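Inspection log for the structure reproduced underneath, given as structure tokens.
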Amino acid sequence: MASFHRIVGFVVVAGWGLLFLFGVGLFITRRDANRLYWGLLTVLQVLLGLQLLAGLVLLATDGGQPLLHYLYGAVFPAIVLGVCHLFTRGLEKPPYHLFFTIGSFFVFGLTARALMTGLGIG
């Protein structure tokens, strides 16, 4: 389970970075998000949930990581994504993806920091 958690951790960080760059590209070219963007966002949110479950299993079986690992890896990203969903709920005209692009920047940084604390770096 630990190796799965570690591998998915790298994938999650890379994915959020990719989503951020994708959103910036859409903004620069003045395009609305397409199915690929929203699909990637959905996959990343599901992966974040799977990562949380794997982390809870590891917490229950192997002991724990520093508190910051849990805050950076689950609590703070959930807050950022919740705010993004809340802000886009009432929008009536594009670009809806702008909130998620900005949010993905923060989730990228938070998950990267969670990965670092989990690996014992810094």
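Values quoted throughout were computed directly from the atomic coordinates according to the rules given, and no laboratory measurement underlies them. Everything numeric in this text was worked out from a predicted model, so none of it was measured. We place every Cβ from the backbone using ideal geometry, glycine too, and count neighbours over all the protein chains shown.
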Cα-only radius of gyration and Dmax that characterise segment 82-121, units Å = 13.7, 44
task = Hydropathy first: keep DSSP H helices in the chain averaging at least -0.5 on Kyte-Doolittle, then drop any whose Cα extent along the axis falls short of 27 Å, and list what survives.
result = 2-28, 35-62, 97-119
message = Please compute the modelled spin-label separation between residue 57 and residue 34, points set 7 Å along Cα→Cβ, answer in nm with one decimal.
response = 3.6 nm
key: Whole-Å semi-axes of segment 1-66's equivalent ellipsoid (Cα gyration tensor)   = 31, 10, 8
key: Leading residue at positive end of dipole, the chain (Cβ point charges), from 104, 121, 8   = 104
remark   = Ranked output for segments 2-8, 16-22, 57-63, 44-50 by mean other Cβ atoms within 10 Å, highest leading, reads 16-22, 44-50, 2-8, 57-63
ask   = Roughly what % of Cα-Cα distances in the chain sit above 17 Å, to the whole percent?
value = 55 percent
